[in-house]
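First the structure, in the form of structure tokens, and then the observations on it.
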Amino acid sequence: MQTFQRLFRLSAVAAMAAITAGAYAADPIKIGVAVGLSGANSVVAPAVVQSSQLAVEEINAAGGILGRKVELEIVDDASGAVGAQKAFDTLVFQKKVAAIIAMETSAARNAALPIVSKGKVPYIYTSFYEGRSCNNAMYVNGWVPEQQVAPVVDYFLASKSAKTFFLVGNDYSFGRGMLNFTKKYIEQKGGKVIGEEFLPIDGSDWTSVISKIRSAKPDALISATAGGAPNVSLAKQLKGAGMTLPYGNLAIDEGTAKTMGDAASGMYMSASYLTSIDTPENKKFVAAMTKKFGTELKTPNELSEPQYEAFYLYKAAAEKVGSTDAAKVIPALAEASFNGPRGTVQMNKSRHTPLSMRLGQVQADGSVKILETFANVDPGAQCPNLN
């Protein structure tokens, strides 16, 4: 009898081991990351990749998603439309990823959306952008103009007595969209835009633009360039030209600001994420990033932190419906939430998310001092016609 019981126990253990082995042997969940490893976004891409790697490492250490390991598929979208089409085609139809989580330029996003529609793959867009980009498969956890512009403009009007503004941007959907919204907001508040200039996204010589700013003599300058290289070239050339007027940058992130050195000092910005956010969740995130990457760490920022939390939003959605089936996961993304470094984030407002925004000013060491916080700012009616 004892021998039988012993054999039974051994058989049960063997059966459980087989079940466990089967679960771990299941195909991994592939999540695609399309990002500008080359081109305009190459300045910020390394931080985005790092935050993606940390999220996947943490999720896998905690058992993965639905008991399955998560694997990253990282591809270069070259920061533009042609590169994005190739990148998304590779991820959707060759790599057959379960979802795409991507920080991209607006040009790249717009070019990728038809492929997302065709492949019916869940797509979390993690970049701040000009707003009102809608697709049945896409959700957004970055800020839009309705959340980001007011803190900078209102501060200049009230604290800097600014009445006239000059707007500068890159000549594509983000630059045009952001500054169109900004101009309307300035005029609604009683200010006046006395100049607007745009440079192609791959342009780097701002000499003629700076000359026009100098001639116009505005009270304040606001820019909306592609994140990364254009921010750096514009800021350095403004500093080199001796421009000292109040400068609000609607596209700067903390990581890029730190790479600029003295060129960014004094610049104003509005952000949903800054490393100085004083919460346990943010301190835990920054500590984990520092531990994992050490001296190779790229400054966590407005473009990389939303990338990190998007993996947890996807995990929450998949586990809510008990599946990675896109048809089930896509609607569940609106119900998924994550309490992370920025606070609790849920993409439940026209497939966008309410966010707490921080008005900040870049300091001499590249850090950002938070001047004021605006809690739970609504993104407005971004995609009212999508369920």
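In this entry, Thr353 is excluded by the filter for residues that are free of Cβ contacts under 8 Å to residues at least 24 places away in the same chain, touching a strand residue (DSSP E or B) at 6+ places or on another chain (Cβ under 9 Å) and either small (Gly, Ala, Ser) or more than 19 Å from Lys120 (Cα to Cα) (or both). When Lys239, Lys298, Lys258 are checked against the criterion of being of a type in the set (Lys, Arg), at negative phi and in a loop (DSSP other than H, G, I, E, B), a single residue qualifies: Lys298.
Is there a residue in the stretch 40-49 that is at pLDDT below 95, more than 16 Å from the chain's Cα centre (by Cα), in the same structural domain as Phe338 (by TED's automatic domain parsing) and crowded, with 19+ Cβ neighbours inside 10 Å? Looking through the stretch 40-49, none of the residues is at pLDDT below 95, more than 16 Å from the chain's Cα centre (by Cα), in the same structural domain as Phe338 (by TED's automatic domain parsing) and crowded, with 19+ Cβ neighbours inside 10 Å.
For Ala364, the criteria (1) in the same structural domain as Asn135 (by TED's automatic domain parsing); (2) more than 19 Å from Arg132 (Cα to Cα) hold in every case but one, which is (1). Hey, any hits in the stretch 56-74 for a residue that's closer than 28 Å to Asp171 by Cβ and either out of contact with any strand residue (DSSP E or B) (no Cβ under 9 Å at 6 or more places or on another chain) or crowded, with 18+ Cβ neighbours inside 10 Å (or both)? No, the conditions are met nowhere in the stretch 56-74.
Within the stretch 214-230, residues that are surrounded by fewer than 20 Cβ atoms within 10 Å (Cβ to Cβ) have Cβ atoms under 6 Å from residues that are polar (S, T, N, Q) in these pairs: Asp219/Thr164, counting only partners at least 6 apart in sequence or on another chain. One residue alone among Tyr273, Tyr314 is touching an Asp or Glu at 6+ places or on another chain (Cβ under 6 Å), modelled with pLDDT of 95 or more and of a type in the set (Phe, Trp, Tyr), and that residue is Tyr273.
Taken over the stretch 131-150, the criterion of being surrounded by fewer than 20 Cβ atoms within 10 Å (Cβ to Cβ) and either touching a Pro at 6+ places or on another chain (Cβ under 7 Å) or under 16 Å from Pro354 (Cβ atoms) (or both) is satisfied by Glu146, Ala150. Scanning the stretch 349-364 for residues that are of a type in the set (S, T, N, Q) and over 23 Å from Lys160 (Cα atoms), which turns out surrounded by the fewest Cβ atoms within 10 Å (Cβ to Cβ)? For the stretch 349-364, the residue satisfying everything is Ser356.
Pairs linking a residue in the stretch 190-210 that is closer than 15 Å to Thr164 by Cβ and surrounded by fewer than 13 Cβ atoms within 10 Å (Cβ to Cβ) to a residue that is among the basic types (Lys, Arg) and at pLDDT 95 or above, with Cβ atoms under 9 Å and 6 or more positions apart or on different chains, are Gly190/Lys163. Kindly indicate whether Glu309 is of a type in the set (Asp, Glu), part of a helix (DSSP H, G or I) and closer than 20 Å to Leu66 by Cβ. Spelling it out, Glu309 is indeed of a type in the set (Asp, Glu), part of a helix (DSSP H, G or I) and closer than 20 Å to Leu66 by Cβ.
If you go through the stretch 28-68 and keep only what is in a strand (DSSP E or B) and among the β-branched types (Val, Ile, Thr), you end up with Ile29, Ile31, Val33, Val35, Ile65.
Contact annotation: residue pairs with Cβ atoms under 7 Å, 6 or more positions apart or on different chains, pairing a residue in the stretch 96-116 that is without any contact (Cβ under 8 Å) to a residue 60 or more places away in the chain with a partner that is assigned to a loop (DSSP other than H, G, I, E, B), are Arg109/Ser133; Leu113/Asn135; Val116/Asn135; Val116/Ala137.
State whether one or more residues within the stretch 302-313 are over 15 Å from the mean Cα position of the chain (by Cα) and either surrounded by fewer than 21 Cβ atoms within 10 Å (Cβ to Cβ) or not assigned by TED's automatic domain parsing to the domain that holds Val56 (or both).
no
Highlighted here are the helices (runs of 4 or more DSSP H) found entirely within the stretch 74-180 that include at least 3 residues which are in contact with a Leu (Cβ under 8 Å, 6 or more places away or on another chain): 145-159. Close contacts from the stretch 72-89, counting a first residue that is on the phi < 0 side of the Ramachandran plot and a second that is of a type in the set (Lys, Arg) and in a strand (DSSP E or B), with Cβ to Cβ under 6 Å and a gap of 6+ residues or different chains, come to Glu73/Lys30. Would it be correct to say that Leu371 is assigned to a loop (DSSP other than H, G, I, E, B) and either surrounded by fewer than 17 Cβ atoms within 10 Å (Cβ to Cβ) or touching a residue at least 40 places away in the same chain (Cβ under 8 Å) (or both)? No; evaluated as a whole, the condition is false for this residue.
Name the residues in the stretch 242-255 that are closer than 16 Å to Val48 by Cα and part of a loop (DSSP other than H, G, I, E, B), would you?
Ala251, Ile252, Asp253
The values are calculated or read from the model by the stated rules, or taken from the named source; none is laboratory data. Note that the structure is predicted; figures quoted are calculated from it, not measured. Positions of Cβ are backbone-derived with ideal geometry, glycine not excepted, and every protein chain shown enters the neighbour counts.
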